[in-house]
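**Student:** Attaching a single structure in structure tokens format; questions to follow.
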Amino acid sequence: MAAEPWQRYEIPGPIKAAVIKNPEMVSILLKKAKKPVLIVGHEAAEIDLGGKTPIDHIIRIARATNIPVVTTAHTMAEFLKRDFKPAASMTSMDIGNRLTDPEWSVSGEDAPHDLALILGMTYYVGFVIEAGLKSFAFNHLKTVSLDRYYQPHCNWSFPNLSIEEWDRYLTIIAQEIEKK
Amino acid sequence: MKKVRFKVDELESDIFKIAGLEATVGEFYEEWEEAIGPTPMPDISTFREWDRILLNRYKPFYLPFCDLCCLCTMGKCDLSKGKRGACGLDMAAQQSRIVLLACAIGAATHAGHGRHMVKELVSKLGKDHPLDIGSSVLIEAPHSRLITGIKPKTLGDLEDILDYAETEISQLLSCCHTGQEGDNLDFESKAFHAGMIDHLALEVSDLAQISALNFPKADPEAPLVDIGIGSIDTSKPVILVIGHNVPPAAAIFDYMEDSGLEDNIELTGICCTALDLTRYTKKAKIAGPLSHQLRFVRSGIADVIVVDEQCIRTDILEEAKKVNAPLISTNYKNFQGLPNRTDDPTDEIVRDLVGGRSPGVVILDSDKAGEVATRVAMGVFPKRKKSGIIPEESEIIEYAKKCTKCLSCQRVCPNYVPLPEAMEAAAKGNLQPLSDLYESCIGCGRCEAEGVCPNDLKLHTIIIGASKSKMKDEKFKIRSGRGAIQDSEIRAVGASIVMGEIPGVIGIVGCSNYPGSWKDNAFIIEEFLKRRFIVTTSGCAAMNLGMYKNEEGLSLYEAYPGVFDGGSLVNCGSCVSNAHISGAAIKIASIFARRKLNSNYEEIADYIYNRVGAVGISWGAMSQKAAAIASGFWRLGIPVIVGPHGSKYRRALLGRKDKDEDWYSIDARTGKSVYTGPAPEHLFIAVETKEEAMTLIPKLSMRPNDTTKGRSIKINHYIDLHKRFYGIVPDDIPLFVRTTADIPITMKDEILKILKEKDWKESEVPTPDPTLLSRLVRKKEG
């Protein structure tokens, strides 16, 4: 599918996310980032990728890189079930708000975060939060949507993908990172 | 009481200049023993400092819909990434301007409704018709007294209050114009002002209708009435009323009763007119909330449709035509392009509507509309034969075979429900997946919009067609709106609320724009009823709470009492009855704590913020009215949670619990600055899941003034729900434990271990007399 908002009427404005056509690109962005953070919402626990969920990919990525994971909504429980403790749990509004603060980081050290990889929020909630980051965190933060659907307010986003393509994208990213 | 504005202008100029103020107001206050407070008839600037105190603690986080401003002809302007528009406005100010605009529209809508209704009731009953909302309610108008200084006694007095409200709303709307305000926090303060005025207008409206139409008067045992499409007897002519202004609907019932037809016709409604109609007569039935509008009209059950104002589908005439149901508009806010037949002979109007010569009419006289609606229903009933446009099962299967699974319908759906998958199953004869969408479809009809489906499939109607048995089974009981909370109820529970022993007061209100099933509302609330919170409700949320049965087959209204007490479910009524929910918080300060009420807004709000563990939740908030209602709670210091669609209000008001410096209050006993912790943590927040909302409710019920016993109870609920849904004790518990006495006894060892790990230290002043207003300090330091 073309890179257009998944929900048809969520029109962003003149600046739209660059489309990630090659998932290896995410590992390059991660490599360049000084202080990345992974943000994972509840939909990441609700989508079946053939016996696993996007959370399983995230855990692989996080374990390979030590990037802090921030869960939103009640997603924390799903990570704990997999014996992985996220760095923090907060509402999606809270993490969005804090990422606009150039003096904040999850650990409290080396603020601010310069790259946020986001997936699993309710589509339209992610849309407006990423719009907030675009306007109020642009001086220090780049955003990458790893969602199944194109999120135009990020700096980079996957295009709209089938479940199978999404699984493949996330698998490739995890493999690339584990190689390094 | 006739020239209130004139007198108030004098007060505003006199109050800070001369002594003996009461002498100058003369007869205006002769009926109210309490001396006038510092802020009668406040204007936009009056509470700016109070608002700033709140906004400094709960800073806005803006969530733009898009990067552009499209409001004036210099634009469009791109405001992203720090840019300013042609007028000079930046993104923060533009988003806050949108918030103000929403709140001002909401307040204008409620005030306009109030004006419309009061005018009609005054014309019928006279200005001197007394207000009576219950003999046990001595503080009958907490908002009016608190904001305007007026203690209204008659319908005519309400007109004076509306004069003030309309002036303020006009000023607020003017601030949205290009080239006015430029600071986002000042826009926010103005939005708070709009919210305060909104609650005033709500109060006026409900006082008027309770008094004039003899609604239940603060009655905890208001009757249980029928709700649900299945409760309607379709063997009779059916009149459907939609909207919020109940006098025309009441006039329909009056005519039916006067004609001996009240048992021959079904009178039902959608949205708040329906709720208020059941306050007028328990023979009326509620078809459902706003989200049921399209499905009910298309079912063809209604033989005539009568609309008044607000929350009416603006394509209602087209929908009514599809099922050959005549439409009667009773309100100039909603002409629908129809001819105004108010002055025509009744027989002619009835003849034209029954004979199909006209699809609808405007009748701006409630009594005439009542007669016409009744006679038209009787006249068209034998001809229409309840013809609807809901397809049969075999037709649905054929339609489903045409689905190309292009995903267009799903991509325009606000809830992106999986219609294509359901259609695929339907094509194979399995309608269950379509039927499963029934409760999470908000009934907007966007899936049927021109050009969405390449095969022009009417998908909303198809969902309804697959759900016919569900519609037939929609038979529930809801408690009719009781109106205000009695003074004696406030006295009985005031101490328990303020001390924190009743863990919280929840107001679940608002629209039916849910992110999932409407039953999630009941799922959330039943948990807190079991936990002995006081639950108040109104509007579409109140309806949806009724449209659910527990394990015993009872609706929540049958299972829980309607008294204002722990473990009770209190349906105050329609949207305008929200004033009684915020009014209850005001009355706790006034009746229980004996804080002065007269024109004393800041002190009362400060009291509520620091002591009354109230939380608003609107899981399906949709409208500008809902924004205004929320804003009225914010200014009183009451936090509000909205469902995920509420993120589209475009800003949250968020505390930063990680910043200790944000959470200092003043101890009114000593004047010292004391750390009181992030209680409540947020003032306005959208959350994504019901589990998240349920965990947040007890957390936002915490207040600085909680006793150790009260705080312990609230922490217990917070931890228990967090463990259930998140699988772990929340990591911010040390912020809410002020002293070891705050720790729930059953969790002592577990919590003490966490506190030790986090290097927690006991608060120096665990239970201060907290205030945010330095003028309330009784003894200054030094």
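The values are calculated or read from the model by the stated rules, or taken from the named source; none is laboratory data. It should be emphasised that the depicted structure is a prediction, and the values quoted were computed from it without experimental measurement. So basically every Cβ, Gly included, is an ideal-geometry build from the backbone, and we count neighbours across all protein chains shown. Quick note on the areas: whole protein, heavy atoms, side chains included, nothing else; ligands and nucleic acids left out. Shrake-Rupley method; radii C 1.70, N 1.55, O 1.52, S 1.80 Å.
**Student:** Quick one: count up the residues across the range B:545-579 that are of a type in the set (Ser, Thr, Tyr), open to solvent by 10 Å² or more (accessible area, probe 1.4 Å) and assigned to a helix (DSSP H, G or I). Spell out the reasoning first.
**Tutor:** At the first step, the residues of the range B:545-579 found to be of a type in the set (Ser, Thr, Tyr) are B:548, B:555, B:557, B:560, B:568, B:574, B:577.
Pick out the ones that are also open to solvent by 10 Å² or more (accessible area, probe 1.4 Å) and you get B:548, B:560.
Adding the requirement that they be assigned to a helix (DSSP H, G or I) leaves none.
Number satisfying all stated conditions: 0.
**Student:** Give the range B:137-171 a look and list any residue that's part of a helix (DSSP H, G or I) and either without any contact (Cβ under 8 Å) to a residue 40 or more places away in the chain or open to solvent by 20 Å² or more (accessible area, probe 1.4 Å) (or both), or say none.
**Tutor:** Narrowing the range B:137-171 to residues part of a helix (DSSP H, G or I): B:142-148, B:155-171.
Passing the criteria: B:GLU159, B:ASP163, B:GLU166, B:THR167, B:SER170, B:GLN171.
**Student:** Right, something else. Can you name the condition, by its number, that A:LEU80 falls short on among (1) touching a strand residue (DSSP E or B) at 6+ places or on another chain (Cβ under 9 Å); (2) facing chain B (nearest Cβ under 10 Å); (3) under 17 Å from A:VAL40 (Cβ atoms); (4) assigned to a helix (DSSP H, G or I)?
**Tutor:** Among (1) touching a strand residue (DSSP E or B) at 6+ places or on another chain (Cβ under 9 Å); (2) facing chain B (nearest Cβ under 10 Å); (3) under 17 Å from A:VAL40 (Cβ atoms); (4) assigned to a helix (DSSP H, G or I), the lone unmet condition for A:LEU80 is (1).
**Student:** As an exercise: evaluate A:GLY50 against (1) assigned to a loop (DSSP other than H, G, I, E, B); (2) more than 10 Å from chain B (Cβ to nearest Cβ); (3) open to solvent by 10 Å² or more (accessible area, probe 1.4 Å); (4) modelled with pLDDT of 95 or more and give the number of the one condition it does not meet.
**Tutor:** Going through the list (1) assigned to a loop (DSSP other than H, G, I, E, B); (2) more than 10 Å from chain B (Cβ to nearest Cβ); (3) open to solvent by 10 Å² or more (accessible area, probe 1.4 Å); (4) modelled with pLDDT of 95 or more, A:GLY50 breaks only (4).
**Student:** Being within 13 Å of chain B (Cβ to nearest Cβ) and within 18 Å of B:LEU654 (Cβ to Cβ) is the filter here, so list the residues in the range A:96-110 that pass it.
**Tutor:** Across the range A:96-110, the qualifying residues are A:GLY96, A:ASN97, A:ARG98, A:LEU99, A:THR100, A:ASP101, A:GLU103, A:TRP104, A:SER105, A:VAL106.
**Student:** Quick one: in the range A:12-44, of everything that is in contact with a Cys (Cβ under 7 Å, 6 or more places away or on another chain) and touching a residue at least 40 places away in the same chain (Cβ under 8 Å), which residue is nearest to the other protein chains (Cβ to nearest Cβ)? Write out each step before concluding.
**Tutor:** So in the range A:12-44, the residues in contact with a Cys (Cβ under 7 Å, 6 or more places away or on another chain) come out as A:12-13, A:17.
Checking the rest, the ones that are also touching a residue at least 40 places away in the same chain (Cβ under 8 Å) come to A:12, A:17.
Numbers: A:PRO12: 6, A:ALA17: 12 Å.
Applying the filter and picking the extreme gives A:PRO12.
**Student:** Then there is this: Going through A:SER135, A:SER89 one at a time, which residue ends up being open to solvent by 20 Å² or more (accessible area, probe 1.4 Å) and either away from chain B (no Cβ under 12 Å) or of a type in the set (Gly, Ala, Ser) (or both)? Steps first, please.
**Tutor:** Numbers: A:SER135 fails: open to solvent by 20 Å² or more (accessible area, probe 1.4 Å).
From the options A:SER135, A:SER89, the qualifying one is A:SER89.
**Student:** Can you go through B:ALA218, B:ALA212 and tell me which one is hydrophobic (A, V, I, L, M, F, W, C), touching a residue at least 40 places away in the same chain (Cβ under 8 Å) and open to solvent by 20 Å² or more (accessible area, probe 1.4 Å)?
**Tutor:** B:ALA212
**Student:** Also: Go through the range A:143-156 and count every residue that is within 12 Å of chain B (Cβ to nearest Cβ) and closer than 20 Å to A:VAL69 by Cα.
**Tutor:** The initial filter retains those residues of the range A:143-156 that are within 12 Å of chain B (Cβ to nearest Cβ), namely A:148-150, A:152-153, A:155.
Then keep just the ones that are closer than 20 Å to A:VAL69 by Cα; that gives A:148, A:155.
Number of matching residues: 2.
Each row is one residue, and each column tells you yes or no for (1) aromatic (Phe, Trp, Tyr); (2) within 32 Å of the chain's Cα centre (by Cα).
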position	(1), (2)
B:GLN336	no, yes
B:GLU398	no, no
B:THR404	no, no
B:TYR416	yes, yes
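**Student:** Does any residue in the range B:611-632 that is among the basic types (Lys, Arg) come within less than 6 Å, Cβ to Cβ, of a residue that is open to solvent by 10 Å² or more (accessible area, probe 1.4 Å) six or more places away or on a different chain, and which pairs are these?
**Tutor:** B:ARG611/B:ASN705; B:LYS625/B:THR109
**Student:** Ok, one more. Mind listing just one residue for me: the one in the range A:111-132 that is over 18 Å from A:THR75 (Cβ atoms) and surrounded by 24 or more Cβ atoms within 10 Å (Cβ to Cβ) and, of those, farthest from the other protein chains (Cβ to nearest Cβ)? Can you show your working first?
**Tutor:** Of the range A:111-132, the ones over 18 Å from A:THR75 (Cβ atoms) are A:111-115, A:127-128, A:131-132.
Add one more test, that the residue is surrounded by 24 or more Cβ atoms within 10 Å (Cβ to Cβ), and what stays is A:113, A:127-128, A:131-132.
Numbers: A:HIS113: 14, A:PHE127: 8, A:VAL128: 4, A:ALA131: 4, A:GLY132: 5 Å.
The extreme case among them is A:HIS113.
**Student:** May I ask you to list the residues in the range A:132-180 that are in a strand (DSSP E or B) and not aromatic (Phe, Trp, Tyr)? Walk me through it before giving the result.
**Tutor:** Taking the range A:132-180 first, the residues in a strand (DSSP E or B) are A:142-145, A:156-157.
Answer for the range A:132-180, where residues must be in a strand (DSSP E or B) and not aromatic (Phe, Trp, Tyr): A:LYS142, A:THR143, A:VAL144, A:SER145, A:SER157.
**Student:** Residues in the range B:75-92: is at least one within 12 Å of another protein chain (Cβ to nearest Cβ), closer than 27 Å to A:ASP101 by Cα, in a loop (DSSP other than H, G, I, E, B) and open to solvent by less than 30 Å² (accessible area, probe 1.4 Å)?
**Tutor:** Within the range B:75-92 (the criterion being within 12 Å of another protein chain (Cβ to nearest Cβ), closer than 27 Å to A:ASP101 by Cα, in a loop (DSSP other than H, G, I, E, B) and open to solvent by less than 30 Å² (accessible area, probe 1.4 Å)), the answer is yes, since at least one residue qualifies.
**Student:** Another one. Conditions: (1) open to solvent by 10 Å² or more (accessible area, probe 1.4 Å); (2) over 19 Å from B:THR537 (Cβ atoms). B:PHE633 meets all but one. Number of the miss?
**Tutor:** Here B:PHE633 clears every test but (2).
**Student:** Could you identify the single residue in B:GLU319, B:GLU348 that is away from chain A (no Cβ under 14 Å) and either of a type in the set (Lys, Arg) or open to solvent by 50 Å² or more (accessible area, probe 1.4 Å) (or both)? Even if it seems obvious, please write down each step before you answer.
**Tutor:** On the way: B:GLU319 fails: either of a type in the set (Lys, Arg) or open to solvent by 50 Å² or more (accessible area, probe 1.4 Å) (or both).
Checking each option against the conditions leaves just B:GLU348.
**Student:** Another question, then. Identify, by number, the condition in (1) surrounded by 24 or more Cβ atoms within 10 Å (Cβ to Cβ); (2) touching a helix residue (DSSP H, G or I) at 6+ places or on another chain (Cβ under 6 Å); (3) farther than 16 Å from B:GLN410 by Cα that B:LYS477 doesn't meet.
**Tutor:** (1)
**Student:** Could you please find all residues in the range B:673-708 being in contact with a helix residue (DSSP H, G or I) (Cβ under 7 Å, 6 or more places away or on another chain) and closer than 23 Å to A:GLU46 by Cβ?
**Tutor:** B:ILE685, B:ALA686, B:VAL687, B:GLU688, B:LYS690, B:GLU691, B:ALA693, B:MET694, B:THR695, B:ILE697
**Student:** Looking at the structure I just gave you, is B:ILE697 under 26 Å from B:ARG635 (Cβ atoms), in contact (Cβ under 8 Å) with a residue 12 or more places away in the chain and under 34 Å from the mean Cα position of the chain (by Cα)? Explain how you work it out, then say what you get.
**Tutor:** On the way: under 26 Å from B:ARG635 (Cβ atoms): yes; in contact (Cβ under 8 Å) with a residue 12 or more places away in the chain: yes; under 34 Å from the mean Cα position of the chain (by Cα): yes.
Taking the combined requirement at face value, the residue satisfies it.
**Student:** Further question: Give the residues of the range B:225-255 that are under 21 Å from B:GLY539 (Cα atoms) and of a type in the set (Gly, Ala, Ser), sorted by residue number.
**Tutor:** Within the range B:225-255, B:GLY228, B:GLY230, B:SER231, B:GLY243, B:ALA249, B:ALA250 meet the criteria.
**Student:** Given the range B:414-481, what helices (runs of 4 or more DSSP H) lie entirely inside it while holding 1 or more residues that are among the basic types (Lys, Arg) and not assigned by TED's automatic domain parsing to the domain that holds B:ALA541?
**Tutor:** Details: elements: B:419-427, B:432-435, B:459-465, B:468-472.
Answer list for the range B:414-481: B:468-472.
**Student:** Can you pull out the residues in the range A:53-77 that are more than 14 Å from every other protein chain (Cβ to nearest Cβ), assigned to a loop (DSSP other than H, G, I, E, B) and open to solvent by less than 30 Å² (accessible area, probe 1.4 Å)?
**Tutor:** Hits for the range A:53-77 are A:THR53, A:ILE67.
**Student:** Follow-up. For the range B:580-599, name all the residues that are under 22 Å from B:HIS193 (Cβ atoms), open to solvent by 10 Å² or more (accessible area, probe 1.4 Å) and assigned to a loop (DSSP other than H, G, I, E, B).
**Tutor:** B:ARG595, B:LYS596
**Student:** Do the conditions hold for B:LEU773, that is, is it in contact with a strand residue (DSSP E or B) (Cβ under 8 Å, 6 or more places away or on another chain) and open to solvent by less than 60 Å² (accessible area, probe 1.4 Å)? First the steps, then the outcome.
**Tutor:** Values: in contact with a strand residue (DSSP E or B) (Cβ under 8 Å, 6 or more places away or on another chain): yes; open to solvent by less than 60 Å² (accessible area, probe 1.4 Å): yes.
When the stated conditions are applied, B:LEU773 passes them.
**Student:** Tell me which residues, restricted to the range B:110-136, are closer than 14 Å to B:ILE161 by Cβ and open to solvent by 80 Å² or more (accessible area, probe 1.4 Å).
**Tutor:** Matches in the range B:110-136: B:LYS119, B:LYS127.
**Student:** Only residues in the range B:720-741 that are farther than 14 Å from B:GLY677 by Cβ count as the first member; pair them with residues that are open to solvent by 20 Å² or more (accessible area, probe 1.4 Å) and among the acidic types (Asp, Glu), Cβ under 9 angstrom, at least 6 apart or cross-chain, and list the lot.
**Tutor:** Partner pairs satisfying both residue conditions: B:LEU721/B:GLU527; B:LEU721/B:GLU691; B:ARG724/B:GLU691; B:PHE725/B:GLU691; B:TYR726/B:GLU691; B:GLY727/A:GLU78; B:VAL729/B:GLU750; B:THR740/B:GLU762.
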